[in-house]
Structure formats: structure tokens, C-alpha cells
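The values are calculated or read from the model by the stated rules, or taken from the named source; none is laboratory data. Source: prediction; values computed, not measured. For neighbour counting, all protein chains shown are included, and Cβ atoms are generated from backbone atoms with ideal geometry for every residue, glycine included. Quick note on the areas: whole protein, heavy atoms, side chains included, nothing else; ligands and nucleic acids left out. Shrake-Rupley method; radii C 1.70, N 1.55, O 1.52, S 1.80 Å.
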Amino acid sequence: MAPISSILLSNGTVLLHDEQDHVNPVKTDILIVDNKIANIAPSISPPTDAINIDCTGKILSPGFIDTHHHLWQTQLKGRHADDLFLDYMVKGENFEDGSNWNFVYALFGVEDVFLGQLGGCMEAIDAGTTMVVDHAHMNYSAKHSSSALSATVASGIRSYFCYNPVPQPPAASLAPFSFGSNAAEWSTKQLADLAASQPFGNGRVRLGLAFDAFYLPKEFVVSLYERARGLGVKLFTSHNLTNVGFGAHSWVNLLDSYGLLQGDFLLSHMNQATPEEAAKLVAKGVHISSTPETELQVAIGSPVCFRPDLHKISSLGIDCHTNNSGDILSQMRLALQSARSTYNQQFIEQGKVPRAVNATALQAFNLGTIMGARAVGMEAEIGSIAVGKLADIVIFDARSPSMICGAEHDPVAAIVLHASVRDIETVIVDGQIRKREGKLVPVVDKNMAEEPMEWSQIAAKLLHSREKLQEILKTEDMDSARKAVIGLFHIDEQNIVDNL
Ligand SMILES: [Zn+2]
């Protein structure tokens, strides 16, 4: 058994949640023993072997929780700056392999997947994310999924690795598009094997299920979920959109009619949720993940995490770090200010002004912390700083040019409205320091390298992998790909217009 390690975080401003989700900044010490918060009190005497971190002038926040992310896509960053949803699907998800349309992840070799996944995890840790729900849709082969899972474990992040079962045939033709009605045999077996051997990484990484193919026959969908629940899978995530791209179906009503909808579901986006669907989700204890930065860009609707009927079941996610920032700070800020703008505009258009804002910085902070913990069913373990909880803590430099003075007045406002990733000095996940003095700590994966890997080495490997992938991707015929995706989603082209 490994020796118990301890860390003393002394004299910082610690953000402590109360039972009503208010946050009280308290000048105090925190003692971490092994992977848990053992004590919160002034002037703690540390064990002799403790690592001491002087937190004078620092803010200590619960680690951020990202409830929707595709972590494997790092090599595809920068490709979608001016894309809408359909463009993203064309350029980010699909390619032609000579005779068939296929998914981009099929281009990724097993090592490319490892690197992409590790890059995604490390960007998240660098930005103070300590827990991430990974919608792991890189599952081209069993080795692809194993490789991604190894990278998540190596990175040190906490995660639900939401395995995406692959329908048969796995590399479906998109033109004409068809999936079979069964999961590929290897995929069914791997799901069972992973469920039996979870959790991974000393308990940090749990198995979830990611699934979007609700158009498949009822028997298939019901048996998949029943089997996964029987295997001990505790979190079920799925994209949920109703629009000209995704179609007019209500997956909420469908899942409910199948008797599957319950509190272990986490639905991404939900931008077009009807009041009836919202009421159903609240009644069933289902949570949602808003991903403001992708949603604001790609024309799938405005983020709903401040909608009054959905707010209390909401949380925040990144979605695609190919497209946008990988930090929850940005998502808090974008969600908050876009919700305020939408609300204020209604008054402006009627020649009035609102008496008060409709959403607060504290609410945004909670969406990225304690409400994220609720969304993944882990409120008792993460999401706030409290004795007995897992030690997932982010330390901000409150004396940086961006946070100075704001941090003294209101540390929550300083984080939500003033901080950037630069201000995050130290990140602790599960009692392990993963970022220190502004730099990521090297990661260990014996299959990839004998020695611990510095970020600079990982970056060099990522560049090499990207160049290789880019050689293939640049030869693709995008007009033809666009036609294939329009066919795949049965999009009525009359609804794609230049102006209203
Ligand atoms: Zn997504």
C-alpha cells in the first residue's frame, strides 16, 4: 500500500459553500491527507512529511466540473473558427475513405487517440477542471477506447469515461446512410469488460455510457440501457437537440415512453426544451449540460442554463475544445452574460429597463462547481470544499493584474468575471498536485514512455500527429461531404437560408 501523503494549504482565502449554495470566503488552512480534505481550520499543525503550500494572497476554489466534453479531438483544434453546426459535422466528424463516408476518428491511430485524449485532459487540468464527463465517441475499435481511457488515467483528471457503444457496422456508410440494429459484438463485450473492471486510476475514473442513436429500434435501445444498468454503469449521457439539423424528435419523451428516463441521465444542450420536457426532466431528477461557447456559435439555440425552469438541473460543459476554449471560467462568463443580454433585450425592445439583473455571478460559479457535482451524482464527494470530500482544489493568484482588488471585494466575482487560466497557479485532483506554480506536472504512462512526460514532449508528439492527420484531411472534398451529412440528418435544404 502506498504511503499516506499530506498537503497543507495555509493562509488562503477558501471558498466554502453553505447548505443553500451561498459561498463564504474564509481565511483559513486546509489539510489534505491522502485523497481527501481532512481538516479546515486556522493554523493547522501539519504532519512532519506534509507538503506545505503558502496560500497567502491566493483564492482556493473547488475544482471545476465539466459535464460535456469530447476529450480526444486535440489534433483537430482550430478548424472551426467560423463554422456552424453543419460545417462542424462536415469538417470535424466525417471524411471519405475512398469509397465510403466515414468518421474522422477512423483516421486516428491508437497512439493519435492517446495523444489527443491526453492533450484534452491536460488542457482541462491546466484550466482548473478536476472532473470531466467525457462523451467518448472515438470508439472506432476496442483499442481506440482502451487507448483513450489510458490517457485519461495517466493525466490524473477525475472523469466519467462515457463509453460509446458502436452500432453494427461500426464504420457505417453515410451515403446512403445506414446503421444496423445491433451493437458490434466487440463493443458489447468491451462495455461489459470495462464495467467489470471499473473504476480506474485509483477510483478517479468511472465508466459511463454515451449514446445518441435513439432512432434505432426500441428493443435495441431498451436492452442497451437495461444491460448497462445491470453492469453497474451509473451515468448515461447523450446529445439532445431538436432542430432542422437533428430533427424534430423529442428524445426526452421517447426515453420516458420506453421507461428509461431517470436521474442517472445527463442530457447535453437541450436548447429547444419545451416547458413540458423541462418539467419532466425536473420531476425525474435528470440533469443537463449547457455548453455556451459551442451553442452560441453554431446555431443550435441559446444556452438554457439560466432558464428559470431548467436552471436548477443545469451544469456547464466545454463540448469541443477543437472549436473553443477548454476552460469552465469562459463557460461561466459566457453563460452569465448571454443570459443577461437576452433578458435585458426584451425590456429594451419595449422602451423599458429591467430593475435588476436576472442572473448572478454566484449562480454562474455554482453551475461550474456544486451543480456540476449534482449533475454527475457526486455531490457528496466533489463540487465544494468540505471536510471528508475528495481533495479537488484550484488555487488562484489573487494578486495577478486581472484579479487584484476584485479578489478582496468579492472572490467569486473575481473568478467568474476577471480570472483567466493564467491566474490558476495550482491544481490538485484527488489529493495529487497536477499543476504547480503555473506549470503542468509531468505525467506517467509506462506504455508510452519509461520516464515521466513533460508537457513540452507531449506537445511535440501532438504536432507530429496533427501533421500526419492533416495530410489526409486536406485532400477531402468538402462539398461532397456536406451533401452526405445533409443526407445523414435528413436535413431539408430549404431550411438553410442566407437571411430571414
Ligand atoms: Zn458534444
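With an a/c value of 1.5 or above and a/b not larger than b/c for the gyration tensor axes a ≥ b ≥ c computed over the alpha-carbon atoms, region 1-47 is described as oblate. Ranking Arg204, Arg227 from most to least accessible surface, computed with a 1.4 Å probe over the protein chains only, gives Arg227, Arg204. Computed with every protein chain present, the accessible area of Trp186 is close to 80 Å² [probe 1.4 Å]. On a per residue basis, the chain carries 41 Å² of accessible surface, using protein heavy atoms and a 1.4 Å probe. Rounded to whole numbers, the Karplus 3J(HN,Hα) couplings from phi for region 236-243 are 10, 10, 7, 6, 9, 9, 10, 6 Hz, using 6.51 cos²θ - 1.76 cosθ + 1.60 with θ = phi - 60°, and x at Gly and Pro. Computed from backbone phi with θ = phi - 60° and the Karplus coefficients 6.51, -1.76 and 1.60, the 3J(HN,Hα) list for region 438-454 is x, 10, 5, 7, x, 10, 10, 8, 4, 6, 8, 7, 5, 8, x, 9, 6 Hz; x is used for glycine and proline.
What is the Cα centroid distance between region 139-166 and region 258-331, reported in whole angstrom? Centre-to-centre (Cα) distance: 23 Å. Projecting the Cα positions of Asn202, Ser5, Leu149 onto the charge dipole of the chain (unit charges on Cβ atoms of Lys, Arg, Asp and Glu, taken about the Cα centre) puts Ser5 furthest along the positive direction. For the listed residue pairs Lys435/Lys461; Lys280/Lys352; Lys58/Lys234; Lys77/Lys461, the alpha carbons are over 26 angstrom apart in Lys280/Lys352; Lys58/Lys234. The relative contact order of region 64-375, computed from alpha carbon pairs under 8 Å that lie at least 6 residues apart in sequence, is 20 percent.
Across region 30-43, rounded Karplus estimates of 3J(HN,Hα) from the backbone phi angles (6.51 cos²θ - 1.76 cosθ + 1.60, θ = phi - 60°) give 10, 10, 9, 10, 6, 9, 10, 7, 8, 7, 10, 6, x, 6 Hz, Gly and Pro being marked x.
Under the rule a/c < 1.5 gives rounded, and otherwise a/b versus b/c splits prolate from oblate, where does region 359-439 land using the Cα gyration tensor? Mind dumping the intermediate values first?
Numbers: a/c = 2.35, a/b = 1.25, b/c = 1.88.
Oblate shape, in that a/c is at least 1.5 and b/c is the bigger or equal ratio.
Cys405 exposes around 90 Å² of accessible area when a 1.4 Å probe is run over every protein chain in place.
With K and R counted +1 and D and E -1, the other residues having a Cβ less than 14 Å from that of Gly377 yield a net charge of +3.
Which net charge results for the neighbourhood of Leu255, defined as the other residues with beta-carbon distances under 11 angstrom from its beta-carbon, given Lys and Arg at +1 and Asp and Glu at -1? Working shown, then result.
Numbers: positive: Lys218, Lys280, Lys284; negative: Asp256, Glu277.
My count for the surroundings of Leu255 gives +1.
Say R0 is 45 Å: what FRET efficiency, to the nearest 0.05, do Glu454 and Ile348 get from their beta-carbon distance? Plugging the Cβ-Cβ distance into 1/(1 + (r/R0)^6) gives 0.30. Near Phe236: Cβ cut-off under 9 Å, other residues only, Lys/Arg at +1 and Asp/Glu at -1. The net charge is +1. Rounded to the nearest 10 degrees, the angle from helix 478-488 to the longest Cα principal axis of the chain is 80 degrees. When peptides 13-24, 230-241 are sorted by average Cβ neighbour count within 10 Å, with the highest value leading, the order is 230-241, 13-24.
Secondary structure note: in region 64-375, about 20% of the DSSP beta bridges are antiparallel. Placing a label point 7 Å from the Cα of Thr56 along the Cα-to-Cβ direction, no residue of region 418-451 has a backbone N closer than 11 Å.
Using per-residue counts of other Cβ atoms within 10 Å, averaged over each peptide, order 416-423, 144-151, 285-292 from highest down.
Ranked by mean Cβ neighbours within 10 Å, highest first: 285-292, 144-151, 416-423.
Between region 335-353 and region 412-480, what is the C-alpha centre distance in whole Å? Here the answer is 37 Å between Cα centres. For Glu277, Glu408, the ranking by accessible surface with the largest value first comes to Glu408, Glu277, using a 1.4 Å probe. Summed over qualifying helices (DSSP H, 4 residues or more, each -39500 (n - 2.57)) and divided by its residue number, the chain shows a 222 nm mean residue ellipticity of -9000 deg cm²/dmol. Here Lys189 and Gln262 are evaluated by their C-beta separation; at R0 = 22 Å the FRET efficiency comes out at 0.25.
Share of the chain's accessible area from carbon and sulfur, percent, 1.4 Å? The partial results should precede the final answer.
Details: 10820 of 20550 Å².
The value for the chain is 53 percent carbon and sulfur by accessible area.
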